[in-house]
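> Encoded as C-alpha cells, here's the structure I'll be asking about.
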Amino acid sequence: MNDTPGWTSPGSAPSDGREPGASGPDQPADRPDTEPASPGTKWSKEQPPPGQWSTPGAPGQAPSPPPPRTGWGAPPPGTPGGPGGYGGQGGGYGRPGGHGGWGGGWGGPPPAAKPGVIPLRPLGVGEILDGAVSTMRTHWRTVLGISLTVAIFTEVVVVLLRGFVLENTGSDVLSDPDATLSELGDALTESTINSGVVFLISLIGTVLATALLTTVTSRAVLGRRVTTGEAWRDARPRTVRLFGLIVLLLLIVAALLVAGMVPGLLVAATVGGEAGVALTALGFMAGGVVAVWLMVRFSLASPALMLEKQGIKKAMARSAKLVRGSWWRVFGIQLLATVIANVVASIIVLPFAFLATTVDGGGVNGFLQGSGDLGWAFLVISGIGAVIGSMITFPITAGVTVLLYIDQRIRREALDLELARAAGLQDPGAPGAVPGG
C-alpha cells in the first residue's frame with residue numbers, strides 16, 4: 001500500500017466496506033473462498049461499466065461522456081461533450097476562465113479589445129466608416145457642437161462679405177453676350193477674387209473643424225469623452241501649423257496644374273491652333289493625375305501633425321511612409337467617404353438652394369442658369385442649408401481620415417498595443433475590454 005498523501009490504491013476505497021484509515025488485509029485470512037492476491041484481483045467489484053467513469057457527485061447524476069469526446073473545440077455546456085473538456089466549462093479553451101479565451105478551440109485568435117468606437121486591430125472599410133459615424137453618435141454633443149459652431153461662423157462671415165463687400169457684377173457681365181473683352185477680363189478678375197476670399201474663409205473653417213474633430217476622434221478610439229473646451233486646448237497649439245500644411249498642399253496642387261498647362265499655353269501663344277489647346281488640356285489632365293497621387297500620399301499628414309506633434313515636413317514624410325504600398329486602399333476609402341459625405345450634404349443643401357432661388361433669385365430657372373440675383377433672402381436661406389450640410393461633412397471626412405491613419409499605424413507599427421495600454425487594458429482579453437467584431 002502506497003503511503004503517498006492524497007493517493008490510494010484502487011482496492012482501498014470506502015466502498016469496499018472498510019473504514020477510512022483502517023489497516024490490515026482486505027479480507028480475513030481464514031475465509032475459504034479467498035484467492036491468492038494478485039494485481040488483477042484487488043479492483044473493487046462495484047466498478048461502473050467501461051467507458052462511464054464520472055466524478056463523484058450526487059446520486060443519480062448523469063455520467064460524463066468518455067474523454068475522446070471532449071477535445072479541442074468541444075460543444076458548449078448543455079450539449080454532449082461540453083462540460084469539462086477543452087473548450088468546456090472547466091477552464092477550457094474558449095470559455096470564461098480558460099486559457100486565453102481562444103473562441104472555442106481552433107476558432108481563431110481572441111476578439112480584439114474595443115474600448116471605444118473601433119476594435120483595436122486592423123480595420124476594414126466598413127469599420128472605418130462605421131467608426132466615424134459612431135463617433136458622431138456617441139459623442140454627438142461635442143462633435144455636432146464643434147461642427148455647428150464652425151459652420152455658423154464660416155457662413156455668417158461669407159454671407160456678410162457677399163452682402164456688403166463682394167459685388168455680384170462679375171456674373172452679370174460674364175453672362176452678357178455683348179460684353180467687351182476688357183469688361184470680360186475685369187469681371188473674370190473680380191469673380192476670381194470673390195471666389196478666393198470665400199474659399200479662404202471656408203478653408204479657415206475647415207482647418208478649425210479638422211483640428212478639433214481630430215482630437216475628439218482620437219479620444220473616442222480610447223473610449224474617452226472630451227468637451228469642446230478640452231479639444232480646443234489640445235488642438236490650439238497645432239492649428240497654425242495645420243493651416244500652413246493645408247495651404248502648402250493646395251499650392252502644390254496649383255503648381256502642378258500650372259506646370260502641366262505651360263507647354264500647351266506656350267504652343268498656343270506661338271503657333272496657335274487646335275494643337276495648343278489640345279496640348280494644354282492634356283497637360284492639365286497630366287498635372288491633375290500627379291496632384292491626385294500626391295494628395296493621397298500626403299492625405300494622412302494632418303492627423304500625423306496633430307496627434308504626433310510633428311512639424312509640417314515631418315508630418316508629410318510620416319504620411320508618405322504610412323501610405324506607401326497602400327495607395328489604392330487609402331485612395332478608395334478617402335474617395336468613398338468623400339462621395340458619401342457630399343451626397344448626404346447635397347440631399348440637404350439642394351432643397352434650401354431651390355427654396356432660396358424661388359424666394360429671392362429669379363425662380364428655379366435662375367438657379368439652374370446661374371443668373372439670379374443674390375439678395376439677402378437668398379444668402380440667408382442658402383447659408384442655413386450650407387450650415388446643416390457642413391455639420392454632416394465635417395465629422396465624416398475628419399473622422400475617416402483619423403481612423404484611416406490609426407488603421408495604417410496598427411498595420412505597420414502595432415499601434416493597437418499602445419492604444420490598449422493607453423486605454424488601461426493590459427491585453428486584449430483584460431477585464432473591461434469589450435470584444436470587437
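> Answer yes or no: is there a residue in region 319-337 that is more than 21 Å from the chain's Cα centre (by Cα) and not aromatic (Phe, Trp, Tyr).
So far as region 319-337 goes, no, none of its residues is more than 21 Å from the chain's Cα centre (by Cα) and not aromatic (Phe, Trp, Tyr).
> While we're here: So which residues in region 223-237 are among the small types (Gly, Ala, Ser) and touching a helix residue (DSSP H, G or I) at 6+ places or on another chain (Cβ under 6 Å)?
Those that are among the small types (Gly, Ala, Ser) and touching a helix residue (DSSP H, G or I) at 6+ places or on another chain (Cβ under 6 Å): ALA231, ALA235.
> Name the residues in region 179-216 that are assigned to a helix (DSSP H, G or I), free of Cβ contacts under 8 Å to residues at least 24 places away in the same chain and not aliphatic (A, V, I, L, M), would you?
Correct list: SER182, GLU183, GLY185, ASP186, THR189, GLU190, SER191, THR192, SER195, GLY196, PHE199.
> Sort out which residues of region 263-280 are surrounded by fewer than 18 Cβ atoms within 10 Å (Cβ to Cβ) and of a type outside the set (Ser, Thr, Tyr), and write them in order of number. Give the steps one after another, and end with the answer.
Applying the first criterion (surrounded by fewer than 18 Cβ atoms within 10 Å (Cβ to Cβ)) to region 263-280 yields 263, 265-266, 269-275, 277-278.
Within region 263-280, PRO263, LEU265, LEU266, ALA269, VAL271, GLY272, GLY273, GLU274, ALA275, VAL277, ALA278 qualify.
> Sticking with this one: Mind checking which pairs have a first residue in region 240-262 that is in contact (Cβ under 8 Å) with a residue 24 or more places away in the chain and over 21 Å from ALA315 (Cα atoms) and a second that is aromatic (Phe, Trp, Tyr) and in a helix (DSSP H, G or I), Cβ under 9 Å, 6 or more apart or different chains?
LEU257/PHE284; GLY260/PHE284; MET261/PHE284
> May I ask you to say which residue of ARG224, ARG241 is within 30 Å of LEU120 (Cα to Cα) and within 24 Å of the chain's Cα centre (by Cα)?
ARG224
> Report, ordered by the first and then the second residue, all pairs with beta carbons closer than 7 Å, sequence separation of six or more or different chains, a first member in region 221-238 that is free of Cβ contacts under 8 Å to residues at least 60 places away in the same chain and at negative phi, and a second member that is hydroxyl-bearing (Ser, Thr, Tyr) and crowded, with 16+ Cβ neighbours inside 10 Å.
ASP234/THR215
> Then there's this: Just one of (1) in a loop (DSSP other than H, G, I, E, B); (2) surrounded by 14 or more Cβ atoms within 10 Å (Cβ to Cβ); (3) not aromatic (Phe, Trp, Tyr) trips up GLY260, so point out which.
The number of the failed condition is (1).
Rule-based calculations on the coordinates, nothing more; no lab input. The structure displayed is predicted, hence computed values, not measured ones. Here the Cβ is made from the backbone with ideal geometry for all residues, glycine too, and neighbour counts use every protein chain on show.
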